[in-house]
Amino acid sequence: QKGVNSIKGTDPQFLVSRIVRLKVWETRFWKEVCFGLNAETFIDAAIACDYVGGTYGGSRKVAPFLCLVQTLLKIQPDMDVVLEYIKQQDYKYLRAIGAVYLRLTGSALQVYQYLEPLLNDFRKLRIREFDGSYKLTFMDEFADNLVKKENLLDLDFPPLTNRQVLEGTGELEPRMSMLDDEVDLSVEEMEEMAREHEREKQLEKEREMEAAARALEGLDDDEKEDGAEIGSRITRRVQDDEAENGGRRRERETDAERDERERKRQADYERERDRRLAREEERERNGDRDRDRNDYRDREKERDGDDYRERRRERDRDDYREKGRDRDRDRDRDRDDYRDRGRDRDRDDY
């Protein structure tokens, strides 16, 4: 095409396989919605998209999401525009379309820089499977699949340079998770609390020993022996207190671990409940769709039956007319033969 910028050595539209590309161009959505869009009007069409999908069903129908990706490859917006699609947080399916386009056309450095932040986006996405059914996924999982996989949604992505290679050359900094600061801070706080607790225990022990030493001053031998016995009892008490405090600390740690497991279990339960509810809603929608399809087929059969009976009556009428014409032709032929025989007799008599 004239005026097309080459990306990865080819027309960007050819980054989609020929079979999928032809299917996209033949869809009604492409002809009515996608044709003639530009980088600005494309946003309205992308906002109206309500699920992620490639091709689905027995005839491999093309989802509008894939048509919109093909539209971006056709209009070739500036990379700044695509990055704005990805950075905005109001419309998640517009962000997903921009992410797929960047994975197809961007360099490995751009992919790591602008798609890895999406791993912190935990919003839900509806995705259409190959069999036409829907399932729930999440934006972080979708972005992770874009980075790690080379085939997704019937699209073949170009291979990416390994992240460690880019880090080794200094082009890319080591990836930092948003949780790293919180984890480091909590560890430092826990270490500081442990050190403070040890200092308090040591000071308490020293105070106990000083008190015992002052009590032994000015006593005779027998009293000192009794005082030594008292000191040993104090030492044992201090050791017992240390053991008890250690047990309480371990118990507190065990309670914290138990609470953390309970929180994780509750989060898993809520996530599974949301997915189960989504599957039930999808089954209900599919059931309504199947009922509508069956009703439509029944109406089609009734119309086809009426049309069949009308065609049958018309065919019978045509057959009756044809038979009448055949009888008329036979009658005319018999009459002509009779007249010819009469003329032959008259000629012989003459």
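The values are calculated or read from the model by the stated rules, or taken from the named source; none is laboratory data. Source: prediction; values computed, not measured. Neighbour counts are summed over all protein chains in view; Cβ atoms, including those assigned to glycine, are modelled from backbone coordinates with ideal geometry. Surface areas here come from the heavy atoms of the whole protein model, side chains and all, with no ligands, DNA or RNA. Shrake-Rupley method; radii C 1.70, N 1.55, O 1.52, S 1.80 Å.
Taking the Cβ of Val81 as the center, what net charge do the other residues with Cβ under 15 Å away carry, scoring Lys and Arg +1 and Asp and Glu -1? Display every interim value, and only then the final one.
Numbers: positive: Lys74, Lys87, Arg95; negative: Glu40, Asp44, Asp78, Asp80, Glu84.
Within the 15 Å Cβ shell, the charges total -2.
Can you list residues whose amide H is under 5 Å from Thr161's amide H, if they're 5+ apart or on another chain and H is modeled 1.01 Å from N?
The answer is Ala108.
Step through the table entries Lys92/Lys149; Lys74/Lys148; Lys23/Lys87; Lys74/Lys149, compare each Cα-Cα distance with 27 Å, and write down the pairs that go over it.
Long pairs (Cα-Cα over 27 Å): Lys23/Lys87.
Using each residue's phi in segment 95-108, evaluate 6.51 cos²θ - 1.76 cosθ + 1.60 at θ = phi - 60° and report the 3J(HN,Hα) Karplus result to the nearest Hz, with x for Gly and Pro.
5, 5, 5, x, 5, 5, 4, 5, 5, 6, 10, x, 7, 4
Output wanted: per-residue J couplings in Hz (rounded whole) for segment 121-136, from phi through Karplus 6.51 cos²θ - 1.76 cosθ + 1.60, θ = phi - 60°, x for Gly and Pro.
9, 9, 6, 7, 10, 8, 10, 9, 7, 5, 7, x, 7, 10, 8, 8
Please list Val165, Val82, Val147 in order of solvent-accessible area, largest first, computed with a 1.4 Å probe with all protein chains present.
Of Val165, Val82, Val147, the descending order of accessible area is Val165, Val147, Val82.
Not counting ligands, DNA or RNA, and with a 1.4 Å probe, what is Ser59's accessible surface area in Å² rounded to the nearest 10?
Accessible area of Ser59: about 80 Å².
Please report Rg (one decimal) and Dmax (integer) in Å for the Cα set of segment 52-160.
13.2, 39
Taking the Cβ of Glu314 as the center, what net charge do the other residues with Cβ under 12 Å away carry, scoring Lys and Arg +1 and Asp and Glu -1? All intermediate terms of the calculation are to be shown ahead of the outcome.
Working: positive: Arg309, Arg311, Arg312, Arg313, Arg315, Arg317, Arg321; negative: Asp307, Glu310, Asp316, Asp318, Asp319.
Result for the neighbourhood of Glu314: +2.
Among residues other than Arg128 whose Cβ falls under 11 Å from its Cβ, what is the net charge (Lys/Arg +1, Asp/Glu -1)?
Working: positive: Lys61, Arg126, Lys135; negative: Asp50, Glu129, Asp131, Glu282.
Here the charged neighbours net out to -1.
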